[in-house]
Amino acid sequence: MRTFYTGSDIEDLAASGVRQLEVGSSVSLTDAARERAEELGVVLVTPGSAPTAKAATPAAPAKSVPLPSKPRGCQHGPMPVAKVSHSEAATGGGPMVDQLVKAVSALNKRGG
């Protein structure tokens with residue numbers, strides 16, 4: 001099974017203190033992941049290769065590397081709820097809704 005790493009994955013690894021990542025034939029990294037690894041000092045090594053001097057040197061704790069604050073999840077907040085009067089709701093909601101209702105009715109008549 002193949003393992004894929006993105007830039008976000010590398011950030012998470014660096015934040016948890018990982019300073020060396022083994023990338024064999026079953027590992028794929030995005031271009032962003034390679035760039036973030038270089039920026040954050042995470043050394044990418046192939047299995048069986050001798051660790052580089054850079055990888056053998058203990059790195060500073062992850063907290064010394066300032067990671068950018070990255071927004072997660074929904075950024076726009078709750079969506080406003082449009083208030084519709086009972087009379088507006090009874091009229092069908094506008095021409096777009098009328099077209100959709102006609103299309104669905106036509107499909108039902110054809111058995112689709």
Fill in the blank from the handout: residue 70 fails exactly one of (1) assigned to a loop (DSSP other than H, G, I, E, B); (2) among the basic types (Lys, Arg); (3) at pLDDT 60 or above, namely (3)
Handout entry: Search result, residues across segment 11-31 that are surrounded by fewer than 15 Cβ atoms within 10 Å (Cβ to Cβ) and of a type outside the set (Asp, Glu)
Key = 15, 16, 17, 24, 25, 26, 28
Practice task
Please verify whether segment 6-21 includes one or more residues that are at positive phi and at pLDDT 65 or above.
Solution key: yes
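The values are calculated or read from the model by the stated rules, or taken from the named source; none is laboratory data. Values in this document were obtained by computation on a predicted structure and should not be read as measured data. Note that each Cβ is placed from the backbone with ideal geometry, even for glycine, and that neighbours are counted across all protein chains shown.
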